[in-house]
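Worksheet for the structure shown next.
Coordinate-derived values only; no laboratory data. Given the structure is predicted, the values throughout are model-derived calculations rather than measurements. Positions of Cβ are generated from backbone atoms using ideal geometry, with glycine treated the same way; all protein chains shown enter the neighbour counts.
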Amino acid sequence: MICASAEEFAAALPSFGAICGLDLGTVTIGVAVSDSLRSVATPLETIKRKKFTLDAARLLEIAKARDLKGIVLGLPMNMDGSEGPRCQATRAFARNLEKLTDLPIAFWDERLSTVAAERALLEADTSRKRRGEVIDHVAAGYILQGLLDRLSFMGRG
């Protein structure tokens, strides 16, 4: 089920249990997971993209192994808030993934998540080679943390 908003996603989730965040690139997919209380996002791994069926199989393998309750995909909006070809590709990926799982799927505006991840890695004095290896799943962590913070804020209502 693809959720139209963070509120709809929250309503589709059980009270607790981990969720994952994805930074969908053309070459890789960054994966981050939350704790079961959904307070902290932790970068997990970067999947080298092959073809959809193999990529989806790996994601669903992670979901099953970690008993995930939902998936959030970073939506690469343009800086002016419009959606370009990468947003369309992300939405298509979600529609295809939706056919393979009952987990609720949501989108999160990922503008500047890679910039924030790069800045954090630079501040941590991470080597250029290492940054290249981890940037995608660190960016996925920023995407997931954004949604976790939103869910937490909604819970205080």
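Each Lys and Arg adds +1 at its Cβ and each Asp and Glu adds -1 at its Cβ; summed about the Cα centre, region 1-75 shows a dipole of about 340 debye.
Of the beta bridges in the chain, as assigned by DSSP with both residues counted there, near 55 percent are antiparallel.
About its Cα centre, the dipole of the chain is roughly 460 debye, where the only charges are +1 on Lys and Arg Cβ and -1 on Asp and Glu Cβ. For region 6-156, lysine pairs with C-alpha atoms less than 23 angstrom apart, excluding pairs fewer than eight positions apart on the same chain, total 10. Diffusion of the chain by Stokes-Einstein, at 37 °C in a medium of 0.692 mPa s and with Rh set to the Kirkwood radius over alpha-carbon pairs, works out to 211 µm²/s.
Largest first, the extents of the alpha carbon coordinates of region 1-80 on the three principal axes equal 37, 34, 23 Å.
Over the chain, what is the relative contact order in percent, taking alpha-carbon pairs closer than 8 angstrom and at least six residues apart?
Working: 277 pairs, mean separation 54.4, N = 157.
Relative CO of the chain lands at 35 percent.
Using the Cβ atoms and a cut-off under 12 Å, what net charge is assigned to the surroundings of Asn78, where Lys and Arg are +1 and Asp and Glu are -1? Taking every Cβ under 12 Å from that of Asn78, the sum is -2. Label-to-label distance for Arg58 and Ser82 is 3.3 nm, based on points extended 7 Å past Cα in the beta-carbon direction.
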